[in-house]
1. How many of the residues in the range 51-90 are in contact (Cβ under 8 Å) with a residue 60 or more places away in the chain and among the hydroxyl-bearing types (Ser, Thr, Tyr)?
2. Give the residue, chosen from Arg142, Arg138, that is more than 13 Å from ligand 2 (Cβ to nearest atom) and surrounded by 18 or more Cβ atoms within 10 Å (Cβ to Cβ).
3. What number goes with the only condition from (1) farther than 24 Å from Glu23 by Cβ; (2) at pLDDT below 95 that Ile136 does not pass?
4. Identify, by number, the condition in (1) in contact with a Leu (Cβ under 8 Å, 6 or more places away or on another chain); (2) among the hydroxyl-bearing types (Ser, Thr, Tyr); (3) within 20 Å of Arg164 (Cα to Cα) that Thr46 doesn't meet.
5. Listed residues Leu59, Leu107, Leu80; which is crowded, with 18+ Cβ neighbours inside 10 Å, away from ligand 2 (no atom under 16 Å from the Cβ) and under 30 Å from Gln160 (Cα atoms)?
Amino acid sequence: MHVEVRQDFITEEEEKELLRELEPGLKKRRYEFNHWDDAIHGFRETEKLQWGSECTGVLARVRATAFPEGSPLLGPVHVLDLDKTGFIKPHVDSVKFCGSTIAGICLLSDSVMRLVREENSADWVDLLLSRRSLYILRDEARFKFTHEILKDEESYFSGQKVPRHRRISVICRNLPV
Ligand code: OGA
Ligand code: MN
C-alpha cells in the first residue's frame with residue numbers, strides 16, 4: 001500500500017512526552033514566514049538524534065511499522081513545527097536526501113494532507129491526519145505525487161472544517177538506495 005494513515009498511533013501520554021522533549025529546542029527558534037518561494041511557510045524546525053527512553057520506544061515503533069526491515073534510515077529525526085497560520089505547499093521531497101518512504105507522527109492538531117499526481121493533477125486524494133496519527137508515504141505516493149499540508153482557511157475534509165492549530169510533525173525518512 002502506498003499511503004497509510006494510522007489514527008491514534010501514539011497515546012496522549014506519548015504525545016506529552018514528545019512535546020516535553022521537543023519544546024525547549026523549538027522555543028529557541030523563530031517561526032519563518034519570509035521566503036515566498038519556499039515550500040513551507042510559518043515554520044520552525046530542528047533535527048533530533050538523541051531521545052529519552054519513552055520517545056525512543058515510540059520512534060522504534062514508527063520504524064518497525066513504516067520501513068522494510070534493514071532499510072537504512074536517516075539518523076536524525078526531522079521535527080517540523082508549523083504555526084497556526086503556517087502551511088506546506090505542494091512539493092516532492094528531494095530524491096537526493098530521502099529514499100522510498102516518509103513516515104510522520106502528527107502532534108497538537110488535526111490537519112489535511114493533499115496528494116496530487118505530478119503528471120495528472122486530476123488524480124489527487126486528501127488524507128485526514130488527526131492529532132496523534134501516523135502517516136506513511138511510500139514509493140509511488142512519495143515519488144509521483146506532491147504532498148502538502150493545507151492552511152487553516154482551506155483545511156476541509158469531506159466538506160467538514162478541520163481547524164488547523166499549531167502542528168508539530170516528527171518525520172522519519174529512509175536513505176536513497
Ligand atoms: C516536509 C513535509 C510534512 C509534515 O517537511 O517535507 O512534507 O507532516 N512535512 O510536516
Ligand atoms: Mn515533504
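The values are calculated or read from the model by the stated rules, or taken from the named source; none is laboratory data. Remember, it's a predicted structure, so these values are computed and weren't measured experimentally. No Cβ is skipped: glycine too gets one built from the backbone with ideal geometry, and neighbour counts run over all protein chains shown.
1. 3
2. On the way: Arg142 fails: more than 13 Å from ligand 2 (Cβ to nearest atom).
It is Arg138.
3. (2)
4. Only one criterion is unmet by Thr46, namely (3).
5. Values: Leu59 fails: under 30 Å from Gln160 (Cα atoms); Leu80 fails: away from ligand 2 (no atom under 16 Å from the Cβ).
Of Leu59, Leu107, Leu80, the one residue that is crowded, with 18+ Cβ neighbours inside 10 Å, away from ligand 2 (no atom under 16 Å from the Cβ) and under 30 Å from Gln160 (Cα atoms) is Leu107.
The rows are residues; the columns are (1) within 13 Å of ligand 1 (Cβ to nearest atom); (2) not in a strand (DSSP E or B).
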{"residue": "Gly99", "(1), (2)": "no, yes"}
{"residue": "Gly104", "(1), (2)": "yes, no"}
{"residue": "Arg114", "(1), (2)": "yes, no"}
{"residue": "Glu119", "(1), (2)": "no, yes"}
{"residue": "Asp126", "(1), (2)": "no, no"}
{"residue": "Arg131", "(1), (2)": "yes, yes"}
{"residue": "Ile136", "(1), (2)": "yes, no"}
{"residue": "Glu140", "(1), (2)": "no, yes"}
